[in-house]
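Data first, discussion second: the structure below is written as structure tokens.
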Amino acid sequence: MALSTPIDWSSHFATRAQKMRASEIRELLKLLAQPDIISFAGGIPDPELFPVTEIAAASHAILSDPFRAIQALQYSISEGYLPLREWLSAYMGRRGLVCDADNILITNGSQQALDFLGKLFINAGDTILTAHPTYLGALQAFNAYEPVYAALPDAQNKRDAGLYANKTSFAYVMPEFQNPTGTSLDLAERQSLLDLSDALDLPIIEDNAYECLRYDGEAVPSLIALAAQRAGGIDNTRVIYCGTFSKSIAPALRIGWIVAPKKIIEKLVLINQASSLHVSSLNQMIMYDVASALIDTHAAKIRGVYRQRRDAMLAALEHHMPETVTWTKPQGGMFVWVTLPPAIDAGELLKQAIEKARIAFVPGAAFYPDRSGVNTLRLSFSLNEPAIIAEGIGRLAALIKSFPQKD
């Protein structure tokens with residue numbers, strides 16, 4: 001029998017598939033299985049901090065109750081479990097935003113929220129405004145819809161607002177402890193961004209995945225809370241808020257949420273119906289029971305642990321790194337952003353770091369839409385104890401010092 005001709009599947013793919021790339025971070029997470037690697041790569045929570053006992057108790061209580069068990073295991077509405085949405089409306093209210101359950105959609109993590117919003121707003125060729133660098137997961141979610149990217153204006157990147165007036169879908173921003181840089185927008189920067197939104201009739205997607213992880217400084221109101229104050233209520237705002245329990249409780253339950261004007265939520269519900277019908281009812285009910293009982297006390301616990309690890313990383317960087325290296329000093333979150341001398345390519349540094357120093361991190365180019373920033377890298381401090389952090393940063397600094405420091 002003659003061999004069949006191999007199928008060229010690439011000729012069958014939609015053009016959008018050409019922009020789909022494997023996540024550098026997902027690939028680097030495979031290194032966590034190697035026990036001699038000190039990994040600063042994955043921006044993931046420490047599993048030792050998950051409220052396992054409480055999650056197990058909630059699961060047992062739900063499935064032991066005949067009525068709740070049927071709810072948990074049956075199909076449900078696409079908007080999400082009503083008690084959870086009502087609790088979230090009160091949770092957002094404590095953070096300065098008046099909203100109700102109809103302003104909230106439960107999603108399969110905040111990553112699904114970004115995908116849904118990309119599907120709703122982006123036409124091929126539209127411009128999206130983002131920070132440079134920005135969250136890699138957002139780029140992956142949006143790239144499928146074939147946009148182009150422009151840099152949000154900031155202190156280093158001031159632009160005429162008129163440049164953004166045509167074919168701009170939205171601005172995407174992480175105002176609290178941004179992934180990857182760890183930096184935050186102060187109140188004046190948030191108000192300036194809202195001014196831009198008002199001037200251009202520009203929607204803003206506010207990704208606030210790390211809002212519960214503040215270690216220093218005073219809390220600043222969310223963009224959506226500030227916008228609602230300006231506009232006289234959430235349904236008159238241009239801001240769409242994405243939240244998640246992945247950092248505050250546990251990621252595997254995959255419970256995120258979108259808060260937005262009701263007209264936006266109505267469209268997103270239709271997208272959800274066509275995508276997955278609804279998020280797991282069992283997981284939503286578990287999260288409701290756990291979060292409503294312990295969100296504040298548990299967040300305080302994990303903040304204490306991560307604060308120590310951030311401090312250990314900043315101290316180690318200060319002690320070991322050469323003067324040619326600079327880094328951010330985040331008030332919260334999970335990340336420190338490092339800028340190397342221009343002559344050092346972080347991708348090449350990573351290869352040697354894994355081979356020679358048994359250290360992993362994420363090269364910064366992954367976070368730029370144009371793959372620039374080759375002399376930058378992201379370090380995560382969430383997974384390692386302070387002594388391990390100090391050891392790893394010492395090894396990394398020694399390797400950096402061995403590289404040429406000038407062009």
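Derivation of every value follows stated rules applied to the coordinates shown; laboratory data play no part. Predicted model, so just to flag it, every value in this text is computed and none were measured. All Cβ positions, even for glycine, are placed from backbone atoms using ideal geometry, and neighbour counts span all protein chains on display.
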> Given the options H12, H319, H278, which has the most mean-square fluctuation in a GNM of the chain, springs set between C-alpha atoms less than 10 angstrom apart?
Replying inline: H12
>> Over the Cα atoms of region 70-295, what radius of gyration and what Dmax do you get, in Å?
In response: 16.8, 56
> Any idea what the dipole of the chain comes to, in debye rounded to 20, about its Cα centre with Lys/Arg Cβ at +1 and Asp/Glu Cβ at -1?
Replying inline: 380
>> Between V98 and A398, what's the calculated FRET efficiency when r is the beta-carbon distance and R0 is 45 Å? Round to 0.05.
In response: 0.25
> Cα centroids of region 266-323 and region 85-158: how far apart, whole angstrom?
Replying inline: 16
> Can you pull out the trypsin sites (Lys or Arg not before Pro) in region 335-392 that DSSP calls coil and that have at most 16 other Cβ atoms within 10 Å?
Replying inline: R358, R371
> Among the aspartates and glutamates, which fall within straight-line cross-link reach of K351, defined as a Cα-Cα distance under 20 Å, with same-chain neighbours fewer than 8 residues apart omitted?
Replying inline: E24, E27, D36, E391
> Projected area of region 256-407, taken from the Cα convex hull and averaged over every viewing direction, in nm²?
Replying inline: 12.8
>> Using Cβ contacts closer than 10 Å as the measure, can you line up E86, E355 from fewest to most?
In response: E355, E86
> Counting only pairs 8 or more places apart or on different chains, how many lysine pairs in region 70-295 have C-alpha atoms closer than 22 Å?
Replying inline: 7
>> I'd like to compare 88-96, 297-305: which one has the highest average count of other Cβ atoms within 10 Å, and what's the full order after that?
In response: 88-96, 297-305
> Roughly how many nanometres apart are two label points built 7 Å out from the Cα toward the Cβ at R307 and K262?
Replying inline: 4.1
> Among the DSSP beta bridges whose two residues both lie in region 70-295, what percent are antiparallel, rounded to the nearest 5?
Replying inline: 40
> Rounded, prolate or oblate: which fits the chain, taking a ≥ b ≥ c as square roots of the Cα gyration tensor eigenvalues, rounded meaning a/c under 1.5, else prolate when a/b beats b/c?
Replying inline: rounded
>> Could you list W9, W87, W337 so that the one with the fewest beta carbons within 10 Å of its beta carbon is first and the one with the most is last?
In response: W9, W87, W337
> How do 133-141, 199-207 rank on mean C-beta neighbours within 10 Å, highest first?
Replying inline: 133-141, 199-207
